[in-house]
Structures are given as structure tokens and as C-alpha cells.
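Derivation of every value follows stated rules applied to the coordinates shown; laboratory data play no part. Nothing here was measured: the structure is a model prediction, and the numbers come from that model. Reconstructed Cβ throughout: ideal geometry from the backbone, glycine too, with neighbour counts over all protein chains shown.
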């Protein structure tokens, strides 16, 4: 079971565990610094409001056990709050404004640069942060010269054999996928007897979708009465464990690749 601050991620790769002298002496030419960004927001009646940040911490804990020990990969403390104003008004949601989160990430990126690093990964586990991170990543590149990467770990994973097609399309919040993961890492934080099955009804539309084709702006109350978009009742810990094992393997390889990436080599001469 996942335990916070245990394992290689926190014992050997947690950057703040080092002294400033140790950090100064780190080889930085191929080093990667990871900044996790999550959220504290409602996830229906059955999941903790810490779900997004928890999933990020657990995923990195599992992943960093697998990376090549020779790779210089360093973890910063997660930013536990995100841009979650689509959930404001539902108890437990703690949101930063877009400007505030943008400023925090930019300030930390400048600090990463000032410490001598060249690569920064924005590691995101909250869908509501995506658009902002697309913007801030490029602003960091322009303003600091850092090589900046951003991803959501689920983007590396094919779970079509585990998650139903309708759930893949519309189960975007607190559904089968997230509930299964939390069951696999913190089962006592889940109240499965309250797990809802509520999918937004988009059956009348050919082009409109929640996250693809043509999008429409929404807040959670527009698309769900329970605060969940998905079938949480279908979740189980075995499924979550399989998801996490696949993600951790692929992400470990991806992180190693980022250490070797040089943006100066992309453009043909």
C-alpha cells in the first residue's frame, strides 16, 4: 500500500531532502526536476477531496522505484492545490485562481533555473489544470530558457481492456478510473457503498463532447448531480493496481528519455 514519504522517490530523489551544498554539487547537465501539480476538490460522495494529489504522489512513488539509478531525476514537493473553480461551492473544494497558479508555477520554475537545472517537468493529475499548464509551460520556456515538459500520467496508458468505452469517453471525474486507483493505494479512504454511477448525457450530439472535438464550457453542477462523471460503482482495487503498474512502467521510461532530450537537436540545420 502507498505510504507517503517512503520509497526511493522520497528517500533518494526528493530534492528538498538535500542541503544547498549537495544541490549545488549535483550534476545538472542531464538532470530532470519534477514539479507535481494536483488539486483539492470534491470527487463525489465516495472519494477524498485529496484524490488528484494523492494519485500524483502514489504514481511518482511507484514510478521512481523503477527508473535507472544513474539518471538524475529529482522530485519537488507537490503543489496540492489546482485551478478547481469548476467545483467551487461543493464542500471541500479549495481552488487557486488561474493567475495565482500561473504565478506559483512560474516562480518555482525561475527558482529551478536559479539552482542550476535545465529541465523541468510539470506533472499534472487534475484535468482542470491542463489548459493553464499548456500556457505556462510555453511562458516558462520563453522567459527562462528551461526545457519544459508537461504531462498527465494517464496519457501514457492504454486501459481500453479495463475501462468500458462509454466510461473512457465520459468518465472524466471520480469514475471507474480514479476510484479504482484510489482503491489500490488507499482503500480505507474510499466509501464504495456511496459510489455513484452518473454519466453525462451527450447522446443527442455528434460534435459536442466534454474533452474532444468541439468542447463547451461547463462547471460540475452543469453535468452532474452527484459531483461525479463516470461509473464509480464499477471500480475495484485490482483494476487500479493494473492501471498503476502500466503507468509506472511507461512513465519510468519516459522520464529517462526526458533526461536525454536536448531541444537544440530538434531543429534541422
Original post:
Out of 100, 160, 125, any idea which swings most in a Gaussian network model of the chain, alpha carbons joined below 10 Å?
Top reply: 160
Subject >> Footprinting exposure proxy for 123, 149, 261, 207 (fewest neighbouring C-beta atoms within 10 Å first) >> reply: 207, 261, 149, 123
Original post:
Nearest 10 degrees, 0 to 90: what angle lies between the long axis of helix 130-144 and the longest principal axis of the chain (Cα atoms)?
Top reply: 10
**OP:** Return a whole-number percent for the relative contact order of the range 12-260, with Cα pairs under 8 Å and 6 or more residues apart as the contact set.
**Re:** 26
Original post:
Quick one: length gained pulling residue 66 to residue 104 fully straight, 0.36 nm per residue minus the C-alpha distance?
Top reply: 10.7 nm
**OP:** Taking only the C-alpha atoms, wrap a convex hull around the range 152-239 and report its volume per residue in Å³ as a whole number.
**Re:** 113
Subject >> Ranking of 243, 263, 23 by count of other Cβ atoms within 10 Å, fewest first >> reply: 263, 23, 243
Original post:
So, how do all the Cα-to-Cα distances of the range 192-269 break down into 10 Å bins, in percent, from 0 on up?
Top reply: 14, 24, 25, 25, 11, 1, 0
Subject >> Centroid-to-centroid separation of the range 164-223 and the range 83-102 [C-alpha atoms, Å] >> reply: 19
Original post:
Given the Cα atoms of the range 48-120, and with Rh set as the inverse mean 1/r over their pairs in the Kirkwood sense, what is Rg to Rh to two decimals?
Top reply: 1.04
Subject >> Percent of C-alpha pairs per 10 Å bin, the chain, short to long >> reply: 7, 29, 35, 22, 7, 1, 0
**OP:** Would you calculate, for the chain, the mean residue ellipticity at 222 nm contributed by helices, counting each DSSP H stretch of 4 or more residues as -39,500 (n - 2.57) and dividing by all residues, to the nearest 500?
**Re:** -11000 deg cm²/dmol
